[in-house]
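These notes are about the structure you will find just below.
The values are calculated or read from the model by the stated rules, or taken from the named source; none is laboratory data. Predicted model, so just to flag it, every value in this text is computed and none were measured. Don't worry about glycine lacking a Cβ; one is built from the backbone with ideal geometry, like all the others, and counts go over all protein chains shown. The protein model used for the area step is the full one, side chains on, heavy atoms only, and it has no ligands, DNA or RNA in it. Shrake-Rupley method; radii C 1.70, N 1.55, O 1.52, S 1.80 Å.
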Amino acid sequence: MSTTSAAPKHARPSGSGVEPILSVEDLQMYFPVKSRGVIRRTIGHVQAVDGVSFEVPKGGSLGLVGESGCGKSTTGRLITRLYKPTGGSIGFEGEDIAGFSPRQLMPLRREIQMIFQDPATSLNPRHTVGQIIGAPLVIHKITGKDGVMPRVKELLEIVGLNPEHVNRYPHEFSGGQRQRIGIARALTLQPKLLVADEPVSALDVSIQAQVINLLQDLQREFDIAFLFIAHDLAIVRHFCPEIAVMYLGKIVEVADRESLYTRPLHPYTQALLSAVPDVRQAAVGGRRERIRLQGDVPSPINPPSGCRFRTRCPIAKDVCAKVEPPLMQVGPRHKVACHFAGELGHHPAVPVTGIDVEGAATGGTVVESAGPGFEDTWLDLSTGQRTGA
Amino acid sequence: MSSSTPTLAQGVGTGAGASGTPFLSVRDLKVHFPTPDGVVKATDGLSFGLERGRTLGIVGESGSGKSVSSSTILGLHRGSRAMVSGEILLDGTDLLSLSDEEMRLRRGREVSMIFQDPLSAMHPYYTVGNQIAEAYRVHNDVNRKQARARAIEMLDRVGIPQPDRRVDDYPHQYSGGMRQRAMIAMGLINDPGLLIADEPTTALDVTVQAQILDLLQDLQKEFNSAIVIITHDLGVVAEMADEVLVMYAGRCVEYGPTKQILTNPEMPYTWGLLSSVPDVTGDTDARLVPIPGNPPSLLNPPTGCAFHPRCTYRDKVPGSLCTTDLPELTPAKSGGFHVRRCHLPDPAAVYAEEVVPEMQADMTGEPIEETEK
Amino acid sequence: MFAYVIRRLFVGVIMLLVMSLVTFLLFFAGPLDPARFACGKNCSEAQQAQTSKALGFDKSPVVQWSDFVKGVVTGRQFPDDPALRKAAPKLVTDCPTGCLGYSVVSTSTVNKEFKEAIPVSVSIAIFAFIMWIIGGVLFGVIAALFKGRLLDRGIVGIALVFFAFPTFFIGQLFLQFVAIKWRVFEVPDYMSIAEGGIGAWAYNLLLPAFTLALFYMAGYVRMTRAFVLESMGEDYLRTARAKGVRQSRVLFKHALRAALTPLVTMAGLDFASLLGGAIITETVFNFNGLGKLAVVAVNTYDLPTLVGLVILLATFVILANIVVDILYAVIDPRVRVG
């Protein structure tokens, strides 16, 4: 578990795209579970986030999808350091902020901002819009008292609200407008990274599109990087060129959107995608076959051994309970964590991770988890050899 | 205002045919709430019909009146200040003319409802089994033991593992999907002819949503019930509904067979709904085409067509018809019982020439299952 | 659950220790020397010093406090003077385990004072509690049922009146008119069950308890009304109605049960603080309960009695809190310990 970011464990190969603004490695968040005896001892941990690594490029966006309880929101809160991680590193512009003290975090709060799901509850009802949006300026003493109002009005205009409404209260706005206020507040300090946690799921359909378009415009105009957390696969796909799928505290697959949505290799991603109702598909004739997942997501206090998805996986074998599959790179921008990774209907019969069905190492190299970024060479699933571009 | 709707209601409902009124027939339903600021017309002249074994999807945004209409069918407005007029015929009986006690005896037995958030829709202090059994005991003269046995049977039917053990759990001990299954068990325990599902999967994850939709479809086949599914999600409608009714500002703006509505919509609001939702197979460089503005206030709805302030096609309508006259529900070009409420002289042509090209980028994306198989 | 109660009791004991220490420190922070009061009006400097020594007031507050704690655990003697005990054993009062101190003012142990006062206060508290819970919940539910109508406004309005009137005023009203002028009631005077039987005991409690209950009832009417209305808006009540459940059953089985939870908390704590004595009511009706004892103790600067009262009241509140939490788990399965 690296504590300094000065020497990253995985050297960055040259030419692997844009320099990342955020590089998360082996991030871990365990919430203690207390016993109920006379003396309360910690008897276990909710493994909300367990060894998550990813990168967000400068001015780019990474989508984080998964079902409730998969740890995507916790990850967002860790990045904004609303929680202090129990392990791993969060490299932000080359500095590891995972262990920063509240004092050290102060300047950082300007750089990383968050947009919340429910605009109704995340805005103080007793403050005017001007106070809400201007508060960060005052707190960080960015401008003098005279500078606040012009900036607030400018921000309101940017997010498409009437600048004359600075003295109104949040309840005087509709849901979509309130989310715009939330966005304006996040933009006040010109952040470099925005963590958007389900920014549109509380909004009406017609309003969702407005807010998504706004976020895209802002990203282009101000070169803001996004960590976009959502459960709606279609919206994430629309917004993010690169998407990570989480299940029970771990990333099971991460790839550019074309690969992920057309050639998903992890059985969970495949099931998730097949469950999304598709308007146009149904309109022209019937619906496609779903992969039915049985049961519910297991408890994160006592996650299954080996691969965490194995209890609900349609292709799980004995080895999945014994050995945890590493998150291995299998394409130029595609990583997957599955012993039997393969396209739907073409999952291999023997593990691709360099072990045999019993879990013992075969003659070949045992594949290890990749770092947060992508490397120039990867494991070609069809040949089992390392290849490069 | 909508004098043509009663006749329309008789005509619609695919199974109705010449045999008279369909199983459920709602005619010119109005639900108005007097408030100190004026009358809120939550539902204003709604008409539709539905046969047993079929599913109607009611689509609309918050405040479109879709939930109010459905809870009025169940008689949940009784005891409130709502002013209700029109007719709700269920199997030939007008539910609105029944006494409170007569209506109560039909609730849960002939019509039942499942709600959006199963956690808050279940009493936190009583066991799941207790709550399901209560629904049975209200309408059947059985003892505690028999009702419990029936509850276990229903839990088993909706796919709760170890139902004889889980029956004594409290709602908070269930997962979200299991709670919604339990709600469905509660709704179907008396084998009602009509099930109203108000956003049944909105609070659930996609994979769980798929499970619940599958379950509802299986059960519908088994019980031959009519289902009204209320949702804002066109994807859910596409998968579940035989017919779709699109609501806007308390009124029906488009109504017809699901396939027709999704492929040949003839009302700009429906176009907006279709084009503002990204698709898992669409082109990612295409910009979403949102509906501008915000949903209207029901207290003070826009004059004429309620959608006109947000409509980008109203310059194609001669004069200021859109702002002065409420369009009637008129038959769509595609025929059948597809109707829409729009002043455009030929909305089908506008859709084909202007809306589709705009969404074209979205449509050309490769369908996902071709690469999956 | 058992472990939980043990843990709570443990915390409670620590809280009591801290509170008693603070009471001691505060008491001696004042400008008055308690020995002056104990010694009497015409008291020379020497006599005062002697009294101070005899009662232990010359020691530091912390030492006095530790003596106090020791007294609670093992018992002690007043004055704690082996020589005096030998010379004149009759002058030494023995205070066994659980000793809360010795009041010079009343020349008896605090425990003995409490023994006489507690039944009075507890009787009033129980009586008033029963009246206000029944009345408050009943009228609260009625008001909620008829929300916005005349009956609701009437109940809420009357409740507001009683809430606004000070207890001493209502108490005096009852005493002067109902008892003295109209002679509907005899002037109440506490009589224990042992003395006069249950009938006389209850008869004498009726007026003071009712006075007290009226004030609390007014608050509980409003709270019950609010809680019931709140739970009427819950989704699960809609579900119950959608099942075809009778309206009365919806109200009593579904709505009231949910409204009960916050009421139990309030009621438990209110009852506990009342056990520690209803100062005004007891004074108005001249009942020798803990409340009146407190008034006298304050007036006479009776440290040991005051410390004892603080500890007693704190114990009631801490115990009530634990009982409320246990009740919570009984009412609400989500709180139940697995």
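For the stretch A:27-79, a residue qualifies if it is in a loop (DSSP other than H, G, I, E, B) and at negative phi, and the qualifying residues are A:Ser35, A:Arg36, A:Gly37, A:Val38, A:Ile39, A:Arg40, A:Arg41, A:Lys58, A:Gly60, A:Glu67, A:Ser68, A:Cys70. Just so you know, in the stretch C:72-85 the residues that are under 16 Å from C:Ala54 (Cβ atoms) and out of contact with any Lys or Arg (no Cβ under 8 Å at 6 or more places or on another chain) include one that is surrounded by the fewest Cβ atoms within 10 Å (Cβ to Cβ), and it is C:Ala83.
Picking from residues in the stretch C:222-234 that are surrounded by fewer than 22 Cβ atoms within 10 Å (Cβ to Cβ) and either more than 16 Å from B:Gly79 (Cα to Cα) or touching a Lys or Arg at 6+ places or on another chain (Cβ under 9 Å) (or both), the one that is nearest to the other protein chains (Cβ to nearest Cβ) is C:Met232.
The rows are residues; the columns are (1) within 14 Å of chain A (Cβ to nearest Cβ); (2) at pLDDT 80 or above.
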residue	(1), (2)
C:Ile6	yes, yes
C:Leu26	no, yes
C:Ala54	no, no
C:Asp58	no, no
C:Lys70	no, yes
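The sole residue among C:Leu91, C:Leu138 that is free of Cβ contacts under 8 Å to residues at least 40 places away in the same chain and surrounded by fewer than 13 Cβ atoms within 10 Å (Cβ to Cβ) is C:Leu91. Can you find even one residue in the stretch B:219-229 that is at pLDDT 90 or above, surrounded by fewer than 22 Cβ atoms within 10 Å (Cβ to Cβ) and farther than 30 Å from A:Ala271 by Cβ? Among the residues of the stretch B:219-229, at least one is at pLDDT 90 or above, surrounded by fewer than 22 Cβ atoms within 10 Å (Cβ to Cβ) and farther than 30 Å from A:Ala271 by Cβ, which makes the answer yes. Applying the selection to the stretch B:23-42, what residues are more than 20 Å from B:Ser67 (Cβ to Cβ) and at pLDDT below 90? Within the stretch B:23-42, B:Pro36, B:Asp37, B:Gly38 meet the criteria.
Only residues that are buried (at least 17 other Cβ atoms within 10 Å of the Cβ) and over 24 Å from the mean Cα position of the chain (by Cα) were counted across the stretch B:95-131, and they come to 9. With the condition kept exactly as written, say whether any residue in the stretch B:148-169 is at the interface with another protein chain (Cβ under 8 Å from one of its Cβ atoms) and either crowded, with 19+ Cβ neighbours inside 10 Å or assigned to a helix (DSSP H, G or I) (or both). No, every residue in the stretch B:148-169 fails to be at the interface with another protein chain (Cβ under 8 Å from one of its Cβ atoms) and either crowded, with 19+ Cβ neighbours inside 10 Å or assigned to a helix (DSSP H, G or I) (or both).
Any chance the stretch A:237-250 includes a residue that's within 30 Å of B:Tyr269 (Cα to Cα) and of a type in the set (Asp, Glu)? No: the stretch A:237-250 contains no residue that is within 30 Å of B:Tyr269 (Cα to Cα) and of a type in the set (Asp, Glu). Filtered by the rule that a residue be in a loop (DSSP other than H, G, I, E, B), of a type in the set (A, V, I, L, M, F, W, C), within 23 Å of A:Trp378 (Cα to Cα) and in contact with a Lys or Arg (Cβ under 9 Å, 6 or more places away or on another chain), the stretch A:308-341 gives A:Leu327, A:Ala337, A:Phe340. Surrounded by fewer than 16 Cβ atoms within 10 Å (Cβ to Cβ) and either of a type outside the set (Val, Ile, Thr) or in contact with a strand residue (DSSP E or B) (Cβ under 9 Å, 6 or more places away or on another chain) (or both) - does that describe any residue in the stretch A:68-78? Within the stretch A:68-78, one or more residues are surrounded by fewer than 16 Cβ atoms within 10 Å (Cβ to Cβ) and either of a type outside the set (Val, Ile, Thr) or in contact with a strand residue (DSSP E or B) (Cβ under 9 Å, 6 or more places away or on another chain) (or both).
Cβ separations smaller than 6 Å between residues 6+ apart or across chains give no pair from the stretch C:106-126 residues that are of a type in the set (Ser, Thr, Tyr) to residues that are surrounded by fewer than 18 Cβ atoms within 10 Å (Cβ to Cβ). Close contacts from the stretch B:144-160, counting a first residue that is on the phi > 0 side of the Ramachandran plot and a second that is open to solvent by less than 90 Å² (accessible area, probe 1.4 Å), with Cβ to Cβ under 9 Å and a gap of 6+ residues or different chains, come to B:Gly159/B:Met178; B:Gly159/B:Arg181; B:Gly159/B:Gln211; B:Gly159/B:Leu215. Sort through B:Ala210, B:Ala203 and tell me the only one that's in a helix (DSSP H, G or I), farther than 24 Å from B:Pro22 by Cβ, among the hydrophobic types (A, V, I, L, M, F, W, C) and modelled with pLDDT under 90. Testing whether each residue is in a helix (DSSP H, G or I), farther than 24 Å from B:Pro22 by Cβ, among the hydrophobic types (A, V, I, L, M, F, W, C) and modelled with pLDDT under 90 leaves just B:Ala210.
Considering each residue of the stretch A:80-99 in turn, none proves to be part of a helix (DSSP H, G or I) and modelled with pLDDT of 90 or more. Across the stretch A:123-146, the number of residues qualifying as in contact with a helix residue (DSSP H, G or I) (Cβ under 7 Å, 6 or more places away or on another chain) and more than 20 Å from A:Gln177 (Cα to Cα) comes to 4. Selection of first residues in the stretch C:11-33 that are under 16 Å from C:Leu313 (Cβ atoms) and of second residues that are at pLDDT below 90 and loosely packed, with under 12 Cβ neighbours inside 10 Å, restricted to Cβ pairs under 8 Å at least 6 apart or on distinct chains, gives an empty result. A single entry from A:Gly331, A:Gly306 fulfils the requirement of being surrounded by fewer than 23 Cβ atoms within 10 Å (Cβ to Cβ), free of Cβ contacts under 8 Å to residues at least 24 places away in the same chain and not charged (D, E, K, R): A:Gly306.
Of all the residues in the stretch A:182-207, those that are within 14 Å of another protein chain (Cβ to nearest Cβ) and either closer than 19 Å to A:Gln131 by Cα or assigned to a helix (DSSP H, G or I) (or both) number 3. Inclusion of B:Gly92 among residues that are at positive phi, at pLDDT below 95, crowded, with 22+ Cβ neighbours inside 10 Å and not aromatic (Phe, Trp, Tyr) is not warranted.
Residue count for the stretch B:184-198 under the criterion of being within 12 Å of chain C (Cβ to nearest Cβ) and either under 23 Å from A:Pro298 (Cβ atoms) or part of a loop (DSSP other than H, G, I, E, B) (or both): the result is 3.
Determine if the stretch A:113-133 includes at least one residue that is within 30 Å of A:Pro32 (Cβ to Cβ), at pLDDT 90 or above and open to solvent by 20 Å² or more (accessible area, probe 1.4 Å). Among the residues of the stretch A:113-133, at least one is within 30 Å of A:Pro32 (Cβ to Cβ), at pLDDT 90 or above and open to solvent by 20 Å² or more (accessible area, probe 1.4 Å), which makes the answer yes. None of A:Arg151, A:Arg168, A:Arg185, A:Arg178 is open to solvent by 10 Å² or more (accessible area, probe 1.4 Å) and closer than 23 Å to A:Leu64 by Cβ except A:Arg185. Condition check for C:Ala194 on (1) within 24 Å of the chain's Cα centre (by Cα); (2) surrounded by 13 or more Cβ atoms within 10 Å (Cβ to Cβ): one failure, at (2). Selection of helices (runs of 4 or more DSSP H) fully inside the stretch A:208-287 by the criterion of at least 1 residues being under 13 Å from the mean Cα position of the chain (by Cα) returns A:233-239.
Quick check: anything in the stretch A:172-188 aromatic (Phe, Trp, Tyr) and at pLDDT below 90? Checked against the condition, which is being aromatic (Phe, Trp, Tyr) and at pLDDT below 90, the stretch A:172-188 yields at least one hit. Please return the ranges of helices (runs of 4 or more DSSP H) entirely within the stretch C:31-88 where 3 or more residues are more than 17 Å from C:Leu21 (Cα to Cα) and out of contact with any helix residue (DSSP H, G or I) (no Cβ under 6 Å at 6 or more places or on another chain). Ranges flagged: C:45-55, C:82-87.
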